[in-house]
Amino acid sequence: MNYEIYEPYGELGAKVIQNEKSLKWIAQADIRIGFLKSFKEKKNKGKPVYGECVKVNELYAPFCPYDFLIVFYEMNILGLSDAQLYVLMYHELLHIGLNEKDGEPVYRIVPHDIEEFREIADRYGLDWERPGNSPPKGIAKGGG
Ligand SMILES: [Zn+2]
């Protein structure tokens with residue numbers, strides 16, 4: 001299987017949603033997120049892809065109990081510390097967007113310019129993912 005459900009990422013995601021003010025609404029709006037890991041060596045324009053956030057296609061929605069899927073590519077994130085994984089998760093969660101149309105939720109992927117979100121660039125810099133770079137303190141380590 002190329003993708004599998006991975007509960008520890010669900011726990012990390014829940015922690016990040018709880019910690020980050022800009023994500024609080026995700027819990028309040030009851031957005032359903034499925035967390036996966038993949039061993040595919042996914043690349044985009046020659047660069048390894050660490051993670052991605054995908055909106056569940058409306059055609060698949062009746063068969064899938066999630067609104068969004070977040071995938072981490074294991075082969076590409078081998079060198080990342082727990083603190084960097086936290087920022088990666090924060091990044092992917094910031095892609096989750098919600099509009100409303102006629103009282104119905106309309107999910108969307110929030111794009112970023114400059115390859116990063118302002119929230120993250122301001123706090124962690126643009127090269128937070130480089131091996132050895134560690135985001136500033138205030139980020140809990142480990143899976144707790
Ligand atoms: Zn992104």
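Every read-out reported here was derived from the displayed coordinates using simple, explicitly stated rules and does not represent laboratory data. The structure presented is a predicted model; accordingly, all values stated were derived computationally and were not measured. Neighbour counts are summed over all protein chains in view; Cβ atoms, including those assigned to glycine, are modelled from backbone coordinates with ideal geometry.
Which percent, to the nearest 5, of DSSP beta bridges fully inside segment 3-124 are antiparallel?
Of those bridges, close to 75 percent are antiparallel.
Go through K40/K101; K45/K101; K15/K47; K15/K40 and tell me which ones have a Cα-Cα distance over 31 Å in this structure.
Pairs exceeding the cut-off: K40/K101; K45/K101.
Using a cut-off of 17 Å between alpha-carbon atoms, which aspartates and glutamates can reach K24, once sequence neighbours fewer than 8 places away in the same chain are excluded?
Filter leaves E11, D67, E92, E119.
At q = 0.13 Å⁻¹, what base-10 log of I(q)/I(0) does the Debye formula yield for the chain when every alpha carbon is treated as an equal point scatterer in vacuo?
Taken in order of the listed q values, log10 I(q)/I(0) reads -0.58.
By how many degrees, between 0 and 90 and to the nearest 10, does the Cα long axis of helix 7-19 differ from the longest principal axis of the chain?
90
Between E7 and W25, what length in nm is gained on full extension when 0.36 nm per residue of separation is reduced by their alpha carbon distance?
Value of the extension gain: 4.3 nm.
Name the aspartates and glutamates eligible as straight-distance cross-link partners of K43: C-alpha to C-alpha under 13 Å, and not fewer than 8 places from it in the same chain.
Partners found: E52, E74.
Students often get this wrong: which residues of segment 3-18 have the backbone nitrogen under 17 Å from the point 7 angstrom along Cα-to-C-beta of F39?
Answer for this model: 3-7.
Where does each of I120, I114 land when they are ranked from fewest to most other beta-carbon atoms within 10 angstrom?
I114, I120
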